[in-house]
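I have placed the structure first, in the form of structure tokens, so that the comments after it can refer back to it.
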Amino acid sequence: MRMKTLEIVAVVSVFVCSCSVTLKDLKAPLILPPDVSPLYAVALFRLAVSLGEYDAAYALLTEKTKKEMGYWKFRTLLQFNLSIPLGEQEVAAYDFITGAKTIGLIEREDENIVDVGFQWENIRLYLYVGKEGEFWRIGFYETALGY
């Protein structure tokens with residue numbers, strides 16, 4: 001599944017980079033539907049951040065993360081590449097989201113929560129991804145608190 005996600009992201013990235021379109025124009029949630037798997041949701045989130053589509057990226061956050069962070073703080077963290085705490089690590093937000101390598105996921109007892117692993121420089125961490133309703137969402141707040 002990881003290889004399929006990477007192939008889809010690569011195809012979408014090539015297409016997006018060669019044209020002047022937005023994720024909304026591409027109907028990205030239909031191409032990388034966040035309800036299919038946590039890896040697809042993370043891939044769509046990372047693609048949105050890479051393209052500066054902060055509204056689309058923000059929509060893929062958990063409700064707790066949105067409540068604690070708010071849209072403007074989220075956008076500022078990305079635009080100015082500010083550090084964010086994730087578990088025991090602090091990482092530069094934009095660099096981490098766009099530059100880290102996805103290394104897989106760890107399932108939990110609760111089938112609606114997984115931890116998606118990332119490797120960036122000498123940092124390896126696992127990001128909380130939880131299912132809210134029918135969609136998988138990224139939980140920076142939950143990761144920072146060690147949920």
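Quick one: which of D95, D110 is surrounded by fewer than 17 Cβ atoms within 10 Å (Cβ to Cβ), touching a residue at least 12 places away in the same chain (Cβ under 8 Å) and of a type in the set (D, E)? Walk me through how you get there before you give the answer.
On the way: D110 fails: touching a residue at least 12 places away in the same chain (Cβ under 8 Å).
Within the list D95, D110, the selection yields D95.
Here F45 does not qualify as at pLDDT 90 or above, of a type in the set (A, V, I, L, M, F, W, C) and over 22 Å from L145 (Cβ atoms).
F80 satisfies every condition listed in (1) buried (at least 16 other Cβ atoms within 10 Å of the Cβ); (2) within 15 Å of V49 (Cα to Cα); (3) of a type in the set (A, V, I, L, M, F, W, C) except (1). For segment 116-143, a residue qualifies if it is crowded, with 19+ Cβ neighbours inside 10 Å, under 12 Å from the mean Cα position of the chain (by Cα) and over 15 Å from Y40 (Cβ atoms), and the qualifying residues are F118, Y128, G139, F140.
The values are calculated or read from the model by the stated rules, or taken from the named source; none is laboratory data. Keep in mind it's a predicted model, so treat the numbers as computed, not measured. Note: ideal-geometry Cβ built from the backbone for every residue, glycine included; neighbour counts use all protein chains shown.
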